[in-house]
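K.L.:
Got a structure for you, questions after.
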Amino acid sequence: MHDVTGTASQDDLLQLRGEVVAAQQAAQRARTEAEAAATRAVDARMRGQAAEGQRQLEALNRRLDGLTTSLTELTTRVDDLASRLEALNRQQRGAAPAVPRTATPSTETPPTTATPSATPSAAPSTAGPATARPATPGPSTAGPSTTGPSTAAPSTAGPATSQPQVTAGARPSTNALQPQDIYQASYIDFSKGSYALAMAGFAEFIRRFPDHPLAGNAQYWIGESHFSIARGYANSGQTDKVGPEMELAVQEFRKVIANYPRGEKAPTALYKEALALLELKQPAVAQQRLEYLVSNFPQSEETPLARERLAALKTR
């Protein structure tokens with residue numbers, strides 16, 4: 001009787017021990033699975049946070065780009081207005097006769113045979129730069145024998161319909177607009193979104209005044225016009241037209257660096273060229289342009305933005 005009881009107790013003990021071992025193994029498996037699940041959850045959360053951070057960073061970069069463009073435009077506008085004000089001050093200090101109001105620079109050539117006037121106060125009273133004297137068939141002959149209302153005597157009070165007089169400080173009737181006037185008119189067109197008119201005006205400005213201090217700025221705004229047109233196509237869903245305009249923007253921005261490498265718009269043109277190259281799916285070339293910007297213009301306003309773009313490109 002004791003043997004049977006003892007045997008049964010030993011079997012029970014072995015069975016319990018087996019159950020304990022099985023329970024321990026089950027607990028270990030459960031712990032391992034829990035740790036794996038926790039790791040997966042942490043990884044998923046970190047990936048989600050990283051993706052959200054990347055989206056926020058891209059949104060901030062876009063906002064910074066927009067603010068940079070706005071700041072650049074405002075700075076340029078202030079500079080243009082200052083230049084225009086200075087030009088007006090110089091004209092006012094010159095004490096010259098008034099410029100004819102209806103001068104037509106596109107059809108008239110500078111008068112080469114105009115008789116100088118001895119009376120500075122005799123400003124032309126009629127705005128017809130191409131009209132001749134009533135009695136003479138040709139306005140270009142300034143001989144004293146012409147039979148007009150007033151002969152060519154210097155002491156006459158002033159011709160009524162003669163050509164505009166060229167005196168010290170007075171501008172000829174041709175090209176009556178100053179460089180700043182053409183530049184400002186083109187910039188106003190750009191500000192209104194009339195990009196075709198703006199590009200034509202800036203191109204004419206560069207053609208007429210290639211060595212003017214604002215020539216580099218004019219070249220930049222041609223590239224910016226193409227860039228803005230491309231963005232407009234992208235926003236309206238005309239994706240097939242985005243690429244060609246971006247290509248034109250890249251070409252025009254590169255002209256800034258080629259022709260005006262030390263102009264005030266050179267770093268901005270480099271940065272915008274890099275953005276256009278990124279839109280064209282050319283990150284390697286964009287990275288080269290950004291590195292060139294950082295190396296050659298370390299103090300420019302665009303350099304911190306270029307560094308951020310470079311960091312984002314290198315982590316891809």
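Quick note: the coordinates plus some simple rules give every number you see, no bench work behind them. Computed from a prediction, not measured in an experiment: that's the story for all the values here. Using ideal geometry, Cβ is built from the backbone for each residue, glycine included, and neighbour counts are taken over all protein chains shown.
K.L.:
Ratio of region 209-309's C-alpha Rg to 2.2 N^0.38 Å, to two decimals?
P.N.:
Normalised by 2.2 N^0.38 Å, the Cα Rg of region 209-309 equals 1.05.
K.L.:
Same structure again: Efficiency by 1/(1 + (r/R0)^6): what FRET value for Ile188 and Ala51, r their Cβ-Cβ distance, R0 = 30 Å, to the nearest 0.05?
P.N.:
With a Förster radius of 30 Å, E is 0.10.
K.L.:
Once label points are set 7 Å from the Cα along Cα→Cβ at both Thr39 and Glu291, what is their separation, rounded to one decimal in nm?
P.N.:
Reported label-point gap for Thr39 and Glu291 is 3.8 nm.
K.L.:
Label point 7 Å out from Thr315 along Cα-to-Cβ: which residues of region 24-49 have amide N under 16 Å?
P.N.:
46-49
K.L.:
Further question: Please arrange Thr68, Thr39 by how many other C-beta atoms lie within 10 Å of their C-beta, fewest to most.
P.N.:
Fewest-to-most ranking of Thr68, Thr39: Thr39, Thr68.
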